[in-house]
Amino acid sequence: MGKTVDKYIPSNIESKWQKKWRDEKIYQPDLDKAKKPFYNLMMFPYPSAEGMHVGNMYAFTGSDIYGRYQRMKGNDVFEPIGLDGFGIHSENYAIKVGRHPKEQAKISQENFYRQLHAIGNAFDWTRTVETYDPNYYKWTQWIFVQLFKAGLAYRKKAPVNFCPSCKTVLADEQVIEARLPSPAGEATGGQGKCERCGSIVEKKELEQWFFRITKYAEKLLENLEKIDWSEKVKIAQKNWIGKSEGAEIEFRIDNSEFKIKVFTTRPDTIFGATYVVLAPDHPIVEKITTREQKELVEKYIKKTRKLSNLNKIREEREKTGVFTGSYCINPVNKEKIPVWIADYVEMGYGTGAIMAVPAHDERDFEFAKKFGLPIKQVISPKRTCVIVHGCPSNKENLIDLSPKNPTGHWIQWARRGLEKIGYKVYIPLMPIPWEPDYETWKKEFEKILVNEESVLIGHSCGCSFLVRWLGESKKKVKKLILVAPAKIAKENASEAIKKLYDFEINQEIKKNISEVVIFISDNEEERIKKSAEMFRESLGASLIELTGKGHFTYDDMGTDEFPELLNIVISLEEVYIGEGKIINSGELDGLKVPSEMDKVLKWIEKKGIGKRQTQFHLRDWLVSRQRYWGAPIPIIYCDKCGVQPVSEKDLPVLLPDVKDWKPKGTGKSPLATVESFVNTSCPKCNGKAVRETDVCDTFLDSAWYFFRYTSTEFNDKAFDSERVKKWLPVDMYIGGAEHAVLHLLYSRFMTMVLKDLGFIQFDEPYKKFRAHGLIIAEGKKMSKSKGNVINPDDYVKKYGADTLRMYLMFMGPFADGGDFRDAAIEGIYRFLTRVWQLIQSTDDKDSTREEKKILNKTIKEVTKDIESLNYNTAIARLMELLNFISRENSASLETKENLLLLLSPFAPHIAEELWGRIGQKFSVHRQSWPSFDEKYLHEEEVTIVVQVNGKFRDSIKIQSSESKAQNHIEEIARKSGKVLKYLEGKETKQLIYIEGKIINFVTN
RNA sequence: GCCCAGGUGGCGAAAUUGGUAGACGCGAUAGGUUUAGGACCUAUUGUCCAUAAGGACUUGGGAGUUCGAGUCUCCCCUUGGGCACCA
């Protein structure tokens, strides 16, 4: 050894190879002839003018590694790149720097592409796509026209989210932090903030274009089952689509022919509907409001409208509403129930009307409580109640729960009463002879499931147990009831009893219990009264003294009134939303819900009261923007012919170059002032007509770009169907989870539409999608406003792209992201420098068996790790292999070659350079991915861990051929001095042997 | 409030899916090399006890299952992220 080599200087090799790769077209598959097409796509970036940040680079690198790996596996990998530079982000930036968006786009494009070149990705640079290029947006407009013709694009006046700062309408998805409480807030229509600029969004009524994505709600949901996507993104989409199943039920207005349809997911609670609520803007409100209530109702409607424009975020969601004066008839029990209006019901969801079941819905409950409306319980809850009795006066009677025993008597009564109202009652039995032993009691008691819905009843000494336990365990329970709590004066008590009461009442338990009630009768003995008083004071409990009745003395617990008292205290003072049995509901009584909901629905349909109904949270996609920097919506309005799409031969509708392009804030696009743009002729009658002046949402641009990549040279079609057939759906799509419901849902929708219109044969755009993690800087999200955006340029300059790529990937699992810190990057640089040195300076020798083993193991592990996107551990394996070479100070040529092949997806430049230097032909990136041979992975010697009682005591080495010989291994293990020590004088009760792994002596 | 993902050394993180916890890297300490610093090389590095051999403890907390738990079960705490008056 000892060959001297030149220093590793990344800048000397990186741009050199980047140029060579381009010249040799090694990353340009022949899209028509490729035999094994593999479409490796990453979400295309919005090119901020500041340029790429390490977060972008993280995503690109992770995707690139996967693509490079697939290429080496023999696939024709297509890895395109482009820019999503149309739209509000880009325009806002242009406003900020005071430059025309078109001009700014040019600058951003140049800068972004320069950076993208520098990171060494295997992009096909001949097929770039920019959304603001007329050759691209021509086809965005063409898609709009197709949707229009198919009836999937429509116009309607709608209250929309309007951002006063961006001066445009936003889709629901682009409004964030909606409905958060604010300290000074007042109720509003539920405003949030603009996704882009953070301004508070207003509601405005405007004519808007929508895409009928709701038509595909069911399919968008259903298909999630069949695609291989990150689970969290699937869940996010599922939640966003928000399917809920229930019933639509019709309520007749009393003394009138009007009917109100309500949607409910809880048809099982219909007997508990005690009033009906309409959204304030429900069209029927006007018709059913009585003369007496008219003024109030109108005032309320006005107020809610005004509030929606007040840009204030509601505070405590205090319920408001007014009575309309009308009643309707509950169809199941013919009860006359009032009709109210309230802004907690929204016109936009369901039918804009609800049946209110205050006993089983929190919002209805709140409302009912505020306005004194009746609450009727129809679901009996599944709750637990634990009765802990006290010490008996006579030990023998303790577990005698028959009514003969006074204690037994009241317990039986309480149980019966509680079970009647739906409680599952537990009565833990104490051991006999009874000892006030808290620890034993606790062990028994904790076997019972106690949760927030539980009611605990303590009697006498049982009270002390419970209070002490609640203090210790910090459990939350619904209610604590203490019956005649006893506190025995410590000085007179036996040791055991003293111990029982030796605890402090923990103040925290007050927080954990909704209510504490203490029962005591006035003729209880002083001692008990005093202790009741003590518990009351410490727990803030209400004390119910049963004056004059005398039922609750120790000797006479068993009266009929007692369980009824419990009933009063336990029932009906809170909402219950959980599962249970239907009660008070006539024919429905006894059904279990939700498990027997189907029977309820059948019954409702049979009775003709209502029908099954499914609702989705998903709303139609609002696509118009009152802005300049976007694709003009290709629609023409003609007085004679109405709304007409621009004919396809006239596309694109070019975005005119105008000086006055800044948003107006009038609800109209800047294009509206450009007469030469607005005035046109009707495509149908050729008469005078005007153009639509709004532009398309930028999410439309990005909803189909992956089709265009395959067909950039075609100017007569959006995409070539043969190409698309060959390359799509995308094999691997990598992107940020922040687009979980925006871009990903829209592009799925667009694909479904294109399929239904006959342009393509598949309905899902991305076979496999993986979300990468977020890169943060110094523990915070990177953002321009925080000034902590990290630009990769500096790092590329200092360490080279290879080092930065690997550092980013080494931080942690690709799906997790990480915190970017300067310090650790040195480690990777050191690694690559060592690769540079060792590959060149070490002598070539034949592989030893050990070397073959570690090499094959490395190949196996790195392959597995890349496939699961665990790049961090793949890199660790490469380091281990290098450490081996370093230790041995030699390596076979085979090992060196394979190391470079394994390294090449991660650090493409250095791998290419060294590949040449060890005498191989260009290019390392055209080689096949190495395979491993199982025979080298097999160990000759295995280490058996010797445990005594599950604890590691020694390890022994044996030939792997002997690993089946348990007796032999036991013999060796027993001889080990370390093990002997632990086995001495002890009997081996059990011996566990796991072949080739572990031998465990279990002694007593 | 609901849903999702996390919580392992000083730090980023591994762990064959129930079998020696802490691979790999950063940082730190000591030594070598160097005029010096840097770079590089070698060794050590979870915590505690012990002069040592050695021992005990340890994966947010608590209980449980098991010969054996970071991994499985239950409860709790906590940090991110998403959704939210959705009927």
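Measuring against 31 Å, Cα to Cα, the residue pairs A:LYS303/A:LYS668; A:LYS232/A:LYS664; A:LYS424/A:LYS611; A:LYS303/A:LYS606; A:LYS20/A:LYS659 contain A:LYS232/A:LYS664; A:LYS424/A:LYS611; A:LYS303/A:LYS606; A:LYS20/A:LYS659 as the ones spanning a longer distance. Each residue of the range A:48-57 was assigned a 3J(HN,Hα) from its phi angle through the Karplus curve 6.51 cos²θ - 1.76 cosθ + 1.60 (θ = phi - 60°); the sequence is 6, 5, 5, x, 6, 10, 4, x, 4, 5 Hz, with glycine and proline shown as x. Shown for the range A:786-870: the carbon plus sulfur share of the solvent-accessible area, taken with all protein chains present and a 1.4 angstrom probe, equals 49%.
For the range A:861-937, chymotrypsin sites (Phe, Trp or Tyr not before Pro) meeting the loop criterion (DSSP other than H, G, I, E, B) and having at most 14 other Cβ atoms within 10 Å: A:PHE922.
Amide H to amide H distances under 5 Å link A:SER326 with A:THR290, A:VAL339, where only residues 5 or more positions off or on other chains count and H is placed in the peptide plane. Surface composition of the range A:871-956: carbon and sulfur make up 43 percent of the accessible area, probe 1.4 Å. Where Lys and Arg each count +1 and Asp and Glu each count -1, what net charge lies around A:ILE635 among other residues with Cβ under 11 Å from its Cβ? Taking every Cβ under 11 Å from that of A:ILE635, the sum is 0. Give me the distance between the Cα centres of the range A:37-60 and the range A:949-1004, rounded to whole Å. First find each Cα centre; the distance between them is then 55 Å. When each of the peptides A:595-602, A:333-340, A:68-75, A:271-278 is scored by how many other beta carbons lie within 10 Å of its residues on average, the order from highest to lowest is A:271-278, A:68-75, A:333-340, A:595-602. Looking at the range A:1-76, the GluC sites (Glu not before Pro) that sit in a DSSP loop and have at most 14 other Cβ atoms within 10 Å of their own Cβ are A:GLU24, A:GLU50.
With a sphere of radius 12 Å drawn around the Cβ of A:GLN644, what net charge do the other residues whose Cβ falls strictly inside it have (Lys, Arg +1; Asp, Glu -1)? That sum, taken over residues with Cβ under 12 Å, equals +1.
Annotation: amide H of A:LYS167 has no partner in the under-5 Å range at sequence separation 5 or more or interchain, hydrogens built in the peptide plane.
Summing Lys and Arg as +1 and Asp and Glu as -1 over all other residues whose Cβ lies under 10 Å from the Cβ of A:ILE253 gives a net charge of +1.
When you filter the trypsin sites (Lys or Arg not before Pro) in the range A:797-829 for DSSP loop state and at most 14 other Cβ atoms inside 10 Å of their Cβ, you are left with A:ARG821. Between A:PHE932 and any residue 5 or more places off or on another chain, the built amide H atoms are never under 5 Å apart.
Close lysine pairs were tallied over the range A:67-150: pairs 8 or more places apart or on different chains with Cα atoms under 28 Å apart number 5.
The values are calculated or read from the model by the stated rules, or taken from the named source; none is laboratory data. Treat the numbers as computed from the prediction; the structure is a model and nothing was measured. We place every Cβ from the backbone using ideal geometry, glycine too, and count neighbours over all the protein chains shown. Heavy atoms of the whole protein, side chains included, go into the accessibility calculation; ligands, DNA and RNA do not. Shrake-Rupley method; radii C 1.70, N 1.55, O 1.52, S 1.80 Å.
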